[in-house]
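Since the structure comes first, as structure tokens, the remarks are kept for the end.
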Amino acid sequence: MKFLCVCIYKTLLRNDHFLSSAVVSQISIGTLYILRILLSLFVAMETKSSTLEITILSAEDLRIDNKPVKKNAFVVVSVDAFNGKATRIDGEGGSYPTWNDKLVMDMPMQTRFITLQVKYRKGSSGGERTVGVARIPVTDFVGGYSPETCLQYLSYRLRDPKGLKNGIINVCLRLKEPLHNCSSQAAAAGGGVGAGRRDFGVVTGIPIWSGYPSNSLFR
């Protein structure tokens, strides 16, 4: 749609001096005005974003081929197919790695999910394999009981490439600028820790009201 508007806009500008009819001129002027507004809206939609601050804390019980991961685990965080960042590689934590890496990313308003891919590297020059993936719905930390700019601690079940359960990842995140106004009611109104749920095939996170735990919520 945007590409079509740009093409029509440029064509009318290029051919405007050939127009001799007053009616046609008025039509082209009106069309140019409308197209200019549409293009401005497209640009505003593309550029409007918020800053996501996500800290990858740790993971638990990571396995490959049903065997514990020994070392070299890391996490890739993506807001879309073209915008992603990775944590450092944990060379000592084995199947219970710890990163505590803070990643700051631009998150467009149309983003629906944040994707976390836990991977491990085979040696210093080996290939990479995916251990598990979790997708965080943006609605988990936008528009809830807590203000969007407050740190929120969440744990997610990882799924391996076959869709089987394969460990847990612990994160904390916040928006440095809110996407929109939301309720700032106390988190206690939620009644404490709830059970995980599945919406449209995506396992949502479980809020940890008391802070980051040392044991898993899923055992």
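Key figures for this structure:
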item: Whichever residue in segment 61-112 is among the acidic types (Asp, Glu) and assigned to a strand (DSSP E or B) and, among such residues, is farthest from SER49 (Cα to Cα); result: ASP90
item: Checklist (1) touching a Gly at 6+ places or on another chain (Cβ under 9 Å); (2) more than 15 Å from VAL133 (Cβ to Cβ) applied to THR111, failing item; result: (1)
item: Which listed residue, of GLY127, GLY163, GLY123, is at pLDDT 90 or above, surrounded by fewer than 19 Cβ atoms within 10 Å (Cβ to Cβ) and either farther than 12 Å from LEU62 by Cβ or touching a Lys or Arg at 6+ places or on another chain (Cβ under 6 Å) (or both); result: GLY163
item: Subset of segment 97-110 [closer than 19 Å to TYR156 by Cα and either crowded, with 16+ Cβ neighbours inside 10 Å or not assigned by TED's automatic domain parsing to the domain that holds VAL133 (or both)]; result: PRO97, TRP99, ASP101, LEU103
item: Close pairs from segment 154-166: first assigned by TED's automatic domain parsing to the domain that holds ALA73, partner among the acidic types (Asp, Glu), Cβ under 7 Å, at least 6 apart; result: LEU154/ASP140; ASN166/ASP160
item: When residues of segment 68-86 are limited to those that are modelled with pLDDT of 95 or more and surrounded by fewer than 20 Cβ atoms within 10 Å (Cβ to Cβ), the one nearest to the chain's Cα centre (by Cα); result: SER78
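The values are calculated or read from the model by the stated rules, or taken from the named source; none is laboratory data. Here the structure is a predicted model, which is why all the values come from computation and not from measurement. Every residue, glycine among them, receives a Cβ derived from its backbone with ideal geometry; neighbour counts consider all protein chains shown.
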